Amino acid sequence: MYLALLVFFLQCSELYTQERVFTFNTVEIKVQPSVKVKNGAPMSIVCRADISKSTNFQLKHNFTIFKDGKLVFMTVSNKGDAQYEIPMARSSDTGEYECTVEAGGKTKSSNSLHVWVTGMTKPILTAEKKEVLEGEVVKLRCELPEEVPPLYFVFRKTKMNSTPKEKFVFEPYKNFSVVEFSVEEGDNILQFDCFGKRNVKLEFESSEYSNKTLVTVREPFIKPTLKAKPSSNITEGDRIQFECSTVVARMHDIEIILQKNRTILNSTVYKYVDEYSVRDEKLLKYSALATLEDSGEYLCKVEQGRTSKTTKLNVVVSELFPKPILAASMSKLDENKELTLSCSISGFRKANFSILRKNSNGDIWLKNSRNLTMRVNVNDTGSYICKAEVKGIVKESRPVRINVYAPVSKPTLSVVSGLPEVVLGKPLRLICRSVMGTPPITFTFYKGNNEVKKVVINDTYATFLDENIRPNDKRGYKCDARNNHSSGMKTSNILNVTVIVPIRNASLGSIPYGEVEDGSETAFLCSVKEGSWPIHFRIFRKTDRDILLFEKSENADRVMWRKEAMNRQDTGTYYCMASNRANVDVKSHPITISVILAAWQKGIIAAFVLIPIAGAATLTLWWFLCKKKKAKGPSMEMSGSALATNLTSEKLTRQHNDGDYYTAPEQKGTETVYSEIRKS
């Protein structure tokens, strides 16, 4: 029974579950009245869920609305839609909206929808002060209430009848911004305002302008006055006094400066504070004895903090007398000559004159006079001036250059390397030196009688490089030197330079050549094709370490060396080397010498070898004849004796002609045939 009841309830539950089936078709989000809403207008965000059900049953809906990913509204309803009301839309309500619906364990979200609340709230501008001094700053604060950053702020400063000056500020995290404007000279009544901007979908939207704020500017001091006494047009020697003054409304670190061009002539600072109502005149004075150099523009400047005011005055100083002129009897003269210097002023004679010599450590006084006469030496070379003084004004003449010359000494010409010689193909460097003489000196070089170089130099020597050296160049060199001394030119002695021809093509020969008999004499000849004498010859035999056999210097292009007795140890390779003052060793091709047996040595060897052979042959023949004699009798003995006699004669003949021997020529037609027989 219980089992039947359980089955009944399960079936009923399954039927109930099948009856409550539903599914989300869509979830939509809309804005009323539209996606573009004016600032301050009402706005509604509507979220609607479209759901299909298996039967008509109640379903609870959880509605959630997000703006830019942040929750802004949530509600639960049995209806299929919900509404988020915004009574007054602000620009901060601009953004991406999205809604999510959850029901019966199922959730679905809508697409995002961009809502743009056009227009921004009016900014509010406040100024820290309503009255400021020149040089101070105005601090402003611009706020966009109900706006959400990031925001852009634009501040404007407007002077009377001028174009506004703007400052831009970006505020990523605040809905207000603070800036400072400098108050400049000439500012009087300033007007300030501001407006805001924001970026919506890559488009800038601007607010209306803020309230206008007026700021009054006061002068801490008036523009200074600059006077010159007795006048701005004066004459040299008169005393001139400058007065720079201003009226101060507020005394605090007021500085007065007088300057000419970039040079500050005088200045003063007033360091005390007074009330705004106090107006006090401050004066800066400067006086000097006027000179021509004092002509020009003067500037009086008053500064306090950032404020600066200036006044200019042009001063003309007339010339009291012109600059003096220094004249010299001669500008170039020999030592021990007399020099006269004279100082004068055109159209003016009543002056105090002095003559000085210029020096880097300070001018050297010579005489308080219009004229100076002296006998000069080389040390008096230099620049001279004269000074003239009238009414305390001192003027200086242009410098006059005086050059005193000592005569040049006779120059010496030599080769820089030392010896008066040069290798063919190498350059020759000569130096011409004059020990005495005041520079500049003109040096002239000659090759033979031809001038090859002229140079003016501030030294006692000059060099010449001759790169055109030829084999037959035997002409002498010379040089001369001269300066501005009246003694004229001095010439050196002639320098003869030897041209050294380097060694070329060394060769080695021998007599006899190739094979040399043991104990015989051999002559070696080492020669060169070209080269200046003396030539140093050396003959070597090549071994593991080359052996020097002979060396000799000759004033000739060859040398002969005789080796009296050659032996078997002298077999080998020989070569020679030749060199001269060109310091280049030239090596010959090698030759090979073979030492062989002499003729008498060959004879001894033949005697020791052939005599035993001949004796053996004689014994053999004797034995044969004896045997034959026994066979044939007495007649054969006689015949054998005659043959033996012939053999003996032949033997003696052969012993006399040991070695090679030659038969007489045999005539065959027009040819002669020589036959050689070598006995072994």
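The values are calculated or read from the model by the stated rules, or taken from the named source; none is laboratory data. What you are looking at is a predicted structure, and each value in this text was computed from that prediction instead of being measured. Positions of Cβ are backbone-derived with ideal geometry, glycine not excepted, and every protein chain shown enters the neighbour counts. What goes into the accessible areas is simple: the full protein's heavy atoms, side chains included, and nothing from ligands, DNA or RNA. Shrake-Rupley method; radii C 1.70, N 1.55, O 1.52, S 1.80 Å.
Which number in (1) part of a loop (DSSP other than H, G, I, E, B); (2) under 27 Å from Thr573 (Cβ atoms) marks the one condition that Ile539 misses?
(1)
Considering only residues of region 461-506 that are within 42 Å of the chain's Cα centre (by Cα) and open to solvent by less than 40 Å² (accessible area, probe 1.4 Å), which is farthest from Glu335 (Cα to Cα)? Write out each step before concluding.
Going through region 461-506, the residues within 42 Å of the chain's Cα centre (by Cα) turn out to be 461-469.
Still in the list and also open to solvent by less than 40 Å² (accessible area, probe 1.4 Å): 462, 464, 466, 469.
Details: Ala462: 24, Phe464: 30, Asp466: 36, Ile469: 42 Å.
Looking at the filtered set, the residue picked out is Ile469.
Which one of these is in contact with a strand residue (DSSP E or B) (Cβ under 6 Å, 6 or more places away or on another chain) and surrounded by fewer than 13 Cβ atoms within 10 Å (Cβ to Cβ): Glu128, Glu166, Glu171?
Values: Glu128 fails: surrounded by fewer than 13 Cβ atoms within 10 Å (Cβ to Cβ); Glu171 fails: surrounded by fewer than 13 Cβ atoms within 10 Å (Cβ to Cβ).
Of the residues listed, the single one that is in contact with a strand residue (DSSP E or B) (Cβ under 6 Å, 6 or more places away or on another chain) and surrounded by fewer than 13 Cβ atoms within 10 Å (Cβ to Cβ) is Glu166.
Return yes or no: is Val390 among the hydrophobic types (A, V, I, L, M, F, W, C), touching a residue at least 24 places away in the same chain (Cβ under 8 Å) and more than 30 Å from Arg581 (Cβ to Cβ)?
Yes.
Of (1) without any contact (Cβ under 8 Å) to a residue 40 or more places away in the chain; (2) open to solvent by 50 Å² or more (accessible area, probe 1.4 Å), Gly104 satisfies all except one. Which?
That leaves (1) as the condition not met.
Filter region 171-197 for residues that are within 26 Å of Lys309 (Cβ to Cβ) and part of a loop (DSSP other than H, G, I, E, B) and give the result.
Val183, Glu184, Glu185, Gly186, Asp187, Asn188
Kindly provide the set of residues from region 73-92 that are of a type in the set (A, V, I, L, M, F, W, C), open to solvent by 40 Å² or more (accessible area, probe 1.4 Å) and outside any strand (DSSP E or B), ordered by number.
Met88
Could you count how many residues in region 337-374 are open to solvent by less than 30 Å² (accessible area, probe 1.4 Å) and in a strand (DSSP E or B)?
Of the residues in region 337-374, 9 are open to solvent by less than 30 Å² (accessible area, probe 1.4 Å) and in a strand (DSSP E or B).
I'd like to know if region 400-419 contains one or more residues that are of a type in the set (D, E, K, R) and touching a residue at least 40 places away in the same chain (Cβ under 8 Å).
Checked region 400-419: at least one residue is of a type in the set (D, E, K, R) and touching a residue at least 40 places away in the same chain (Cβ under 8 Å).
Going through region 35-61 one residue at a time, which ones are part of a strand (DSSP E or B) and open to solvent by 70 Å² or more (accessible area, probe 1.4 Å)?
Lys36, Lys38, Arg48, Asp50, Lys53
Is it the case that Val435 is over 26 Å from Arg482 (Cα atoms) and open to solvent by 60 Å² or more (accessible area, probe 1.4 Å)?
no
Mind listing whichever residues of region 321-357 are of a type outside the set (S, T, N, Q) and closer than 11 Å to Tyr384 by Cβ?
Leu326, Ala327, Ala328, Leu339, Leu341, Cys343, Ile355, Leu356, Arg357
Can you go through Val408, Val390, Val394, Val400 and tell me which one is surrounded by fewer than 16 Cβ atoms within 10 Å (Cβ to Cβ) and among the aliphatic types (A, V, I, L, M)?
Answer to the check: Val394.
Are there any strands (runs of 3 or more DSSP E) wholly within region 378-424 with 1 or more residues that are in contact with a Phe, Trp or Tyr (Cβ under 9 Å, 6 or more places away or on another chain), and if so which? Please lay out each step first, then the result.
Numbers: elements: 382-390, 393-396, 400-405, 412-415, 421-423.
Where strands (runs of 3 or more DSSP E) fall fully within region 378-424 and carry at least 1 residues being in contact with a Phe, Trp or Tyr (Cβ under 9 Å, 6 or more places away or on another chain), they are 382-390, 393-396, 400-405, 412-415.
Among (1) part of a strand (DSSP E or B); (2) in contact (Cβ under 8 Å) with a residue 24 or more places away in the chain; (3) not basic (Lys, Arg), where does Phe168 come up short?
So Phe168 meets the others, but not (2).
Within region 472-513, how many residues are in contact (Cβ under 8 Å) with a residue 60 or more places away in the chain, assigned to a strand (DSSP E or B) and under 23 Å from Ile535 (Cα atoms)?
10
Report whether or not Phe153 is within 54 Å of the chain's Cα centre (by Cα) and at pLDDT below 95.
no
Just wondering, is there one or more residues in region 417-426 that are among the polar types (S, T, N, Q), open to solvent by 80 Å² or more (accessible area, probe 1.4 Å) and under 30 Å from Pro502 (Cα atoms)?
Yes, region 417-426 has at least one match.
Please find, among Gly69, Gly95, the residue that is open to solvent by less than 30 Å² (accessible area, probe 1.4 Å) and closer than 24 Å to Leu151 by Cβ.
Of Gly69, Gly95, the one residue that is open to solvent by less than 30 Å² (accessible area, probe 1.4 Å) and closer than 24 Å to Leu151 by Cβ is Gly95.
Under the condition of being free of Cβ contacts under 8 Å to residues at least 40 places away in the same chain and part of a strand (DSSP E or B), which residue from region 553-588 is farthest from Ser527 (Cα to Cα)?
Selected residue: Gly572.
Given (1) closer than 30 Å to Val27 by Cβ; (2) modelled with pLDDT of 90 or more, where does Lys139 come up short, assuming only one miss?
(1)
Filter region 134-163 down to the residues that are out of contact with any Pro (no Cβ under 9 Å at 6 or more places or on another chain), closer than 17 Å to Thr94 by Cα and exposed (fewer than 12 other Cβ atoms within 10 Å of the Cβ) and list them by number. Steps first, please.
From region 134-163, those out of contact with any Pro (no Cβ under 9 Å at 6 or more places or on another chain) are 137-141, 146, 148, 152, 154-155, 159-163; that's our starting set.
Among the residues that remain, those that are also closer than 17 Å to Thr94 by Cα are: 146, 148, 152.
Scanning region 134-163 gives no hits.
Residue check: is Lys122 touching a strand residue (DSSP E or B) at 6+ places or on another chain (Cβ under 7 Å) and open to solvent by 60 Å² or more (accessible area, probe 1.4 Å)?
Judged against the criteria, Lys122 is not a match.
Could you list, in sequence order, all residues of region 264-306 that are modelled with pLDDT of 90 or more and among the polar types (S, T, N, Q)?
Selection gives Asn266, Ser287, Ser295.
Exactly one of these conditions fails for Ser245: (1) part of a loop (DSSP other than H, G, I, E, B); (2) under 16 Å from Lys309 (Cβ atoms); (3) among the polar types (S, T, N, Q). Give me its number.
Against the list (1) part of a loop (DSSP other than H, G, I, E, B); (2) under 16 Å from Lys309 (Cβ atoms); (3) among the polar types (S, T, N, Q), Ser245 comes up short only on (1).
Cβ-Cβ below 6 Å, separation at least six or inter-chain, first residue in region 438-463 and free of Cβ contacts under 8 Å to residues at least 60 places away in the same chain and in a loop (DSSP other than H, G, I, E, B), second surrounded by 13 or more Cβ atoms within 10 Å (Cβ to Cβ) and among the hydroxyl-bearing types (Ser, Thr, Tyr): which pairs?
Short answer, once both residue conditions are applied: Thr460/Ser434.
Scan region 488-517 for residues that are closer than 20 Å to Val435 by Cβ and at pLDDT below 90 and jot them down. I'd like the intermediate steps shown before the answer.
Step one: of region 488-517, the residues closer than 20 Å to Val435 by Cβ are 488-495.
Residue satisfying the conditions is Gly488 alone.
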